[in-house]
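Novice: This is the structure I want to talk about, given as structure tokens.
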Amino acid sequence: MFCHQPVREIMSSDQPGPRISPFTYPKEYVLPGRPSTASQAVADAHRQTGFLLAEDLALFERGMNLELRVVGDSRAARYRTPALAALLSLWSRSFAYRADVCLVATRGSYMSCLPLLRAAADCIGAQRALAGDDRQEFIDWLATAFGQDREHAALKIELGRYRSGATLAADERLGKAYRAVTELTMTHFGATLLQAAPEAGREKVPIAFGEGGFHLGWAQLTFGWLLTLTEAQLEASVSARDVFAVSADVEAEVRRFSEAARGALAREDRCRLEEVDNCRFLFRNFRRLAGDAARRILL
């Protein structure tokens, strides 16, 4: 449930705390380029990702630039409120995490993507909660967040501990992605083996220590989560239209992006992860190369 009070009601002239200053933002998001100095495995990962996941890459770039359009439209003074500071700061983290996921995924470093994906999902969930009933919690924190610590001669900022697990759990698609990347981020034995030795089986465990290298299954899973989180971020921002400038054209473009992303993720031949049998995960179409036999793995 989102709160849709008019912007003028959020902006109170007697609101305590620091003023919200004009913010900076990149004018365009561009996909990672070819690595200038890289091992053969990393260069191959970039090449194969660009060839086999071209649709995913194009959709991700489209979604990220659509986000920047909303950010840019919201720079006017009337939008610079404590509510905007709450949502935009978390949105900035989500944007940066997802941009880094795309970068390292094109280098074949899929293990590094998982904690970034989890952090991005956390930030999106927090935005949804702060756009609704939890908004006042941030406003109250901001009013007294800054002080001076004489003992350490330092600017003191209250930590303001905050999490939104219930919001993540209540969202079916975002919740599924969050649960999956969370379990895979942990030091569970099976999850670790599947990342460090994706070809492991009953006969051998071939660990590739610290190596990149393209893996179609992990690449499709990673970009699938990336598109899911980007769709969720756009939905969270557009729904907070009492905080951000959201035109009818942007809303229509977000709907078109969501349709395209869901269509790409629904392809039968791509690797996917399903929750089965009470918190277990079934990997379908898990394979390193496009010509390899597709495997099913129950984790």
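The values are calculated or read from the model by the stated rules, or taken from the named source; none is laboratory data. Only a predicted model underlies this, so the values are computations on that prediction, with no experimental measurement involved. Heads up, the Cβs are rebuilt from the backbone with ideal geometry, glycines too, and the neighbour counts pull from every protein chain shown.
Novice: If only one of Gln195, Gln127 is touching a helix residue (DSSP H, G or I) at 6+ places or on another chain (Cβ under 8 Å), surrounded by 22 or more Cβ atoms within 10 Å (Cβ to Cβ) and either at negative phi or β-branched (Val, Ile, Thr) (or both), which one is it?
Specialist: Criteria check complete, one pass: Gln127.
Novice: Could I ask something else about it? Does Ala236 fit the bill of being within 30 Å of Ala76 (Cβ to Cβ) and assigned to a helix (DSSP H, G or I)?
Specialist: Taking the combined requirement at face value, the residue satisfies it.
Novice: Considering only residues that are closer than 22 Å to Ser258 by Cα and among the aromatic types (Phe, Trp, Tyr), look in region 26-61 and name the one that is surrounded by the fewest Cβ atoms within 10 Å (Cβ to Cβ).
Specialist: Tyr29
Novice: Filtering region 216-230 down to residues that are over 9 Å from the mean Cα position of the chain (by Cα) and not small (Gly, Ala, Ser), which residue is surrounded by the fewest Cβ atoms within 10 Å (Cβ to Cβ)?
Specialist: Leu216
Novice: Of these, Thr167, Thr230, which one is modelled with pLDDT of 90 or more, closer than 30 Å to Ile139 by Cα, touching a helix residue (DSSP H, G or I) at 6+ places or on another chain (Cβ under 6 Å) and not small (Gly, Ala, Ser)?
Specialist: That would be Thr230, the only listed residue that is modelled with pLDDT of 90 or more, closer than 30 Å to Ile139 by Cα, touching a helix residue (DSSP H, G or I) at 6+ places or on another chain (Cβ under 6 Å) and not small (Gly, Ala, Ser).
Novice: Any chance you could count how many residues in region 1-44 are outside any loop (DSSP other than H, G, I, E, B) and at pLDDT 95 or above?
Specialist: Total satisfying the criteria: 0.
Novice: If I filter region 252-264 for residues that are more than 25 Å from Val71 (Cα to Cα) and not aromatic (Phe, Trp, Tyr), do I get at least one hit?
Specialist: Yes; the residues of region 252-264 include at least one that is more than 25 Å from Val71 (Cα to Cα) and not aromatic (Phe, Trp, Tyr).
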